[in-house]
1. For a quick size check, give me the Cα extents of region 301-342 along its three principal axes, largest first, whole Å.
2. Modelled label-to-label distance, Q319 and V105, 7 Å Cα→beta-carbon offset: nm?
3. Could you check how much of the accessible area of region 261-413 is carbon and sulfur, as a whole percent, using a 1.4 Å probe?
4. In square angstrom, what is the accessible area per residue of region 13-100 with a 1.4 angstrom probe?
5. Can you tell me the Rg and the Dmax, both Å, for the Cα atoms in region 32-108?
6. On a 22 Å Cα-Cα criterion, which of the cross-link pairs K101/K169; K219/K389; K23/K318; K76/K96; K76/K171; K76/K219 come out too long?
7. With viscosity set to 1.002 mPa s at 20 °C, what whole-number translational diffusion coefficient in µm²/s follows for region 258-322 from Stokes-Einstein and a Kirkwood radius over Cα pairs?
8. Please give the length that would be gained between E539 and K518 if that part of the chain were fully extended, namely 0.36 nm times their separation in residues minus their C-alpha to C-alpha distance (nm, one decimal).
Amino acid sequence: MNSNSSDSIIGLPALQKARTGIKGLDEITLGGLPQGRPTLICGSAGCGKTLFSIEFLVHGALQFGEPGVFVAFEEKSEELSINVASLGFDLDRMQKDKLIKLDHVHIERSEIEETGEYDLDGLFIRLGHAIDSIGAKRVVLDTIESLFSGLNNEAIIRAELRRLFEWLKEKNVTTIITGERGEGSLTRQGLEEYVSDCVILLDHRVANKISTRLLRIVKYRGSVHGTNEYPFLIDEDGISVLPVTSLTLSHNASSKRISSGIPALNRMLGGEGFFEGSSILVSGTAGTGKTSIAGSFANETCLNGNRCIYFAFEESPKQIVRNMRSIGVDLQSHIDNGLLKFHASRPTLNGLEMHLLSINKLITQFKPKTVIVDPITNLITVGSVSEVKSVLIRLIDFLQAEETTVLFTALSLNDSISEQTDESISSLVDAWLLIRDIEMNGERNRGLYVMKSRGMKHSNQVREFVISDNGLDLVDVFLGPEGVLTGSAREAQQLLEQTGVVLRDHAVSRKDREIERKKMVLEAKIESLKEEFASLQEELNKTFIEDDLKKEVFEKNRQELSQIRDGKKNE
């Protein structure tokens, strides 16, 4: 037998539990329903009591090897089989395989009123035979009001209820008994909740024309359990309960980075992008490009071979795909290869808790690397700011526990209420990007700020956010003579400065040519002076040379004359 024991002090006996197989319920009950004891499931019509009971039996038989008996006092077995077939439960096949036994017991109120006598011995015999025929470990009685519909004597009802519950305990079967909610009490009789070991209340509320199903464990003898109200969803896969309020802050924190899909934004975030498993908020007024950033992030995730799921509350998937194609981002290819999944719905489709539950379920099934919710501010149409914040806290905690990166977009309205909304939501996330309109010179441009990015060095400067046919880019805000310039004013100032540079270069070039000409003239003059100096030097040298020649000739003549005189004298 598959069962769990509730936590207990060492050395003391622990309550054995039977797992339900219903998603989330076993976590809330810390293991399942009390094994071998009766559990009361109560609620108003249409809240899911019968489906809850059927799932308990089906999962017990198929997953935990515990056959079950379902005794209906109102719905016939054939009708029950047809009603749950849409969930994939083949009760007829399970009956043939002796995994489940369906029995319909009809109780005629007039017969009880005529005889004035009433006891459950006939039910005990019939139920005991059904249990023994398949070796059942689980039993469902749906609904208990039908057993006592003809009785008004509270003493008899109380006595028979106790006898029924004691008999079920003696058979050692884990039992679910369903009951209709009464006026001022959990059930119509107001007695069943006192003799049951576990009481679960199902509630189906409608607020602002939005329906929400909630589950609460009223009591659980011998075991601790979640005491909050938990939303649950009924869809084609049956019941899913999200134990959102029991989540704790014990998740891991990754240091690995994930690209935003915009290289310039990555550089503003330390050059590498966001932390993997973190939460990011992109807020701004209408038309500032929040969805474009979200689409680029989804595209980058899929280009890296990872899965992404996109929850859209404002536009249809085809609109988003078309719009992203205009800036050079092809999301359709990622949808075709199964990496990108869209889930689009109006916020008014469900209440906040139901949206949270459906998001949780889709994420669990698809197992994405990144999640996009666009925009979260639309959820305010089905709940207050504080309720939206509560839902987002639980969603962020769930995604961080799964180490999944999530990007939210939020619409700002440039008023005090929106600022408060931004602040309340932005305090939850790890990174906050704010896009603001910059209006000047008769045109509107976008400026992007990194308001915060926990755990990393990031830019504190404003960048102009540009959306073009080639995608998204961030350019440095240009400082002109009159302050910050964006858009065409920035381009005009840049063109003016480029023109000035060209003119300056041209002036410098012309000056260089003039200097070169003057240099050449000067060099020519220097050369002429050198030649004149050489000529003068040569003229001076010529005089000196002639004087030397004269002296030399004179000296030579004098010596010759002296020799001639000396020769004549000797003769």
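1. 25, 22, 15
2. Label at Q319, label at V105, 5.6 nm between them.
3. 50
4. 38
5. Gyration radius and largest Cα-Cα distance of region 32-108: 12.5, 37 Å.
6. Pairs exceeding 22 Å: K219/K389; K23/K318; K76/K171; K76/K219.
7. For the chosen part, D equals 167 µm²/s.
8. Going from the current span to full extension adds 4.5 nm.
The values are calculated or read from the model by the stated rules, or taken from the named source; none is laboratory data. No experiment lies behind these values; they were computed from the predicted model shown. Here the Cβ is made from the backbone with ideal geometry for all residues, glycine too, and neighbour counts use every protein chain on show. SASA here: full protein model, heavy atoms, side chains in, ligands and nucleic acids out. Shrake-Rupley method; radii C 1.70, N 1.55, O 1.52, S 1.80 Å.
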